[in-house]
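Okay, structure first, notes after.
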There are 2 protein chains.
Amino acid sequence: MDVHEGFVGVTAEQLSEAHDADLKIEAEEGVHFEKAWLDPESGKAFCLSTGPSKEAIMRVHERAGHPVTEVYEIASEV
Amino acid sequence: MDVHEGFVGVTAEQLSEAHDADLKIEAEEGVHFEKAWLDPESGKAFCLSTGPSKEAIMRVHERAGHPVTEVYEIASEV
């Protein structure tokens, strides 16, 4: 799970475009972005992905134009 | 989406118990907790829920024994 900041006022269409930019290149890093959730009021966005490492996930987001510093490795989910 | 801190070292079983505690009382607030993800290394947990307000979600979490201060209203998802 990674957390973006600064997405204040971002629309559903812009979120979709950003997600598509990830999907286009993610395979090169062995990453898959499954879901993304946006709160345009606080500017927070949350992305759920699978991949070989936090660094691989960060590289995809950076190359797609929306770098992130907060990435959490999920050990459990319910 | 709400974000907990301080769940360092929490196990999958403990996460499941915490989630069950929410599920037991959530209907009283019109809330439903759909998913929860845990990173026991950083102690962060993320919960995705639906409900009438942030306050209703916070009340369920508080009564279940794991209060939260960070709650984000999701306007868009992909």
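Show the residues, 5+ positions off or on another chain, whose built amide H is closer than 5 Å to the amide H of A:Ser76. Under 5 Å from the amide H of A:Ser76: B:Leu38.
With Cα atoms defining each centre, segment A:1-55 and segment B:22-78 are spaced 21 Å apart in the structure.
Would you mind giving the mean number of other chain beta-carbons within 10 Å of the Cβ of each residue in A:65-78, as a whole number? Show your work: numbers first, answer last.
Numbers: counts 0, 0, 0, 0, 0, 2, 2, 11, 6, 8, 9, 15, 10, 16.
Going residue by residue through A:65-78 and averaging, the value is 6.
Rolling a 1.4 Å probe across the protein heavy atoms gives segment A:11-58 an accessible surface of 48 Å² per residue. In a simple Cβ point-charge model (Lys, Arg +1; Asp, Glu -1; nothing else charged), chain A has a dipole of about 60 debye relative to its Cα centre. Working note: Karplus 6.51/-1.76/1.60 with θ = phi - 60° gives segment A:20-27 the couplings 4, 5, 5, 4, 5, 10, 4, 4 Hz, where Gly and Pro are set to x.
Give the shape of chain A as rounded, prolate or oblate, defined through the alpha-carbon gyration tensor: a ≥ b ≥ c are the square roots of its eigenvalues, a/c under 1.5 means rounded, and otherwise the shape is prolate if a/b is larger than b/c and oblate if not.
Working: a/c = 1.77, a/b = 1.29, b/c = 1.37.
Verdict is oblate for chain A.
Counting Cβ atoms of other protein chains within 10 Å of each residue's Cβ and taking the mean over peptide A:15-22 gives 2. Normalised by the number of residues in chain A, the average gap of Cα pairs under 8 Å and 6 or more apart makes the relative contact order 40 percent.
The values are calculated or read from the model by the stated rules, or taken from the named source; none is laboratory data. Just so you know, these numbers come straight off a predicted model, no measurement behind them. Neighbour counts run over all protein chains shown; Cβ positions are idealised from the backbone, glycine included. SASA here: full protein model, heavy atoms, side chains in, ligands and nucleic acids out. Shrake-Rupley method; radii C 1.70, N 1.55, O 1.52, S 1.80 Å.
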